[in-house]
Every structure is written in C-alpha cells, then in structure tokens.
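Take a look at the structure below.
The values are calculated or read from the model by the stated rules, or taken from the named source; none is laboratory data. Not measured: the values here are computed from a predicted model. With ideal geometry, Cβ positions are generated from the backbone for all residues, glycine too; neighbour counts draw on all protein chains shown. In case anyone asks, the SASA skips ligands and DNA or RNA and just uses the protein heavy atoms, side chains included. Shrake-Rupley method; radii C 1.70, N 1.55, O 1.52, S 1.80 Å.
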Amino acid sequence: MKQSNEAIERLNALKKHIFFELLDITGRVFIVVRYHKDVVIGKRGFLPEEKEKGIVLVFNKRMKFQWQEWGIEATLVFGTQTEHCLIPVDHIIGVYSPEINTQFLSLFDTDKTASTYKPSEENTETLQAKEETKEKEKVIKVDFRKKG
C-alpha cells in the first residue's frame, strides 16, 4: 500500500508539472475531471452526462486560481454563472493542449488506495457559506404597498 501512495503522490506531482508546462507554452490548458463526491463545481455540480464521462475545464494564464497540495481551487464561469470549484488532483484524469496536440491521461483509480488528497473540511465549509451568502444577496425585496 505504501508503494501505491508514493505512486499516487508522484503521479499527482506529474499532473501538476504537465499542467503548468502546457499553460506556460500555450497560455491555456484543459483538464478532464472525473465525477466524484469530493469534486465541487459550485452549485452547478455535474450534469448527468458529465457524471458518466467527466467534465472538461479550461484554465488560462489570466485566471486567478490556486493549485494547493490537494488540488485546484478556482472560480470558473459556466455560461453566465460563476462557480467556486474545488478539484482534487486525484480526480484529474487528463491534462491537454489542443494547440500543440499534446495530452496526458491518467486513469489510475485512486479510490482503491488510501488517498490523502482532498479539500479540507474548512475549504468545503467556507465554500458552502460563500454560496449561501451569494444566494441571499440575489434576493430583491419589493414593497408592493400602494403609495400615496
């Protein structure tokens, strides 16, 4: 089991390295994220087809995101909606760049091993609190009483 955990750690470091190399070379990078309960895509979540096939997310140099030890924390735009996302590196199964026709796939099943890579409960709880506050801010109070 120790060998598997070491393999996972090295594999995750490789994913990060490839991500940043492709980002540096082309200015943007695509990742494929498989569905898992630890992956947070804001309130949007995964669509039924994405639960089956995964979701493709695009990052570019101008975006603000952080690659933490456990994975990526970012605010991403889906149509007109912004969603706060927590993407554990364990669930990134592909990193690619169509500009230079380069891809890296890792289909290693980390669920069968004791992975330590996932967002802390604090990050998840903070995200949930932010989403609730955001929803409350969207409520508009209208006074329908007749004036005058």
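On the stretch given as segment 25-46, residues that are assigned to a loop (DSSP other than H, G, I, E, B) and either open to solvent by 90 Å² or more (accessible area, probe 1.4 Å) or touching an Asp or Glu at 6+ places or on another chain (Cβ under 6 Å) (or both) total 5.
Within the option set Glu52, Glu73, Glu69, being farther than 22 Å from Glu9 by Cβ and of a type in the set (Asp, Glu) holds for one residue only, Glu52.
Scanning segment 5-35 for residues that are over 16 Å from His91 (Cα atoms) and at pLDDT below 95 turns up just one, Glu6. A residue that is farther than 19 Å from Ala13 by Cα, at pLDDT 95 or above and not in a loop (DSSP other than H, G, I, E, B) cannot be found anywhere in segment 97-119. Filtering segment 47-67 to residues that are free of Cβ contacts under 8 Å to residues at least 24 places away in the same chain and either among the acidic types (Asp, Glu) or surrounded by 10 or more Cβ atoms within 10 Å (Cβ to Cβ) (or both) leaves Leu47, Glu49, Glu50, Lys51, Glu52, Lys53, Ile55, Met63, Phe65. Which pairs turn up if I take residues in segment 69-80 that are on the phi < 0 side of the Ramachandran plot and part of a loop (DSSP other than H, G, I, E, B) and look for partners that are open to solvent by 30 Å² or more (accessible area, probe 1.4 Å) and of a type in the set (Lys, Arg) with beta carbon separation below 7 Å, at least 6 apart in sequence or on another chain? Between residues of segment 69-80 that are on the phi < 0 side of the Ramachandran plot and part of a loop (DSSP other than H, G, I, E, B) and residues that are open to solvent by 30 Å² or more (accessible area, probe 1.4 Å) and of a type in the set (Lys, Arg), the close pairs are Trp70/Lys118. Which members of segment 68-92 meet the condition of being buried (at least 18 other Cβ atoms within 10 Å of the Cβ), among the hydrophobic types (A, V, I, L, M, F, W, C) and either over 13 Å from Val40 (Cβ atoms) or in contact with a Lys or Arg (Cβ under 8 Å, 6 or more places away or on another chain) (or both)? Listed by number, the residues that qualify are Trp70, Val89, Ile92.
Yes/no matrix, rows are residues, columns are (1) of a type in the set (Ser, Thr, Tyr); (2) at pLDDT below 65; (3) over 16 Å from the mean Cα position of the chain (by Cα):
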{"position": "Leu57", "(1), (2), (3)": "no, no, no"}
{"position": "Ala74", "(1), (2), (3)": "no, no, no"}
{"position": "Pro88", "(1), (2), (3)": "no, no, no"}
{"position": "Thr124", "(1), (2), (3)": "yes, yes, no"}
{"position": "Asp143", "(1), (2), (3)": "no, yes, yes"}
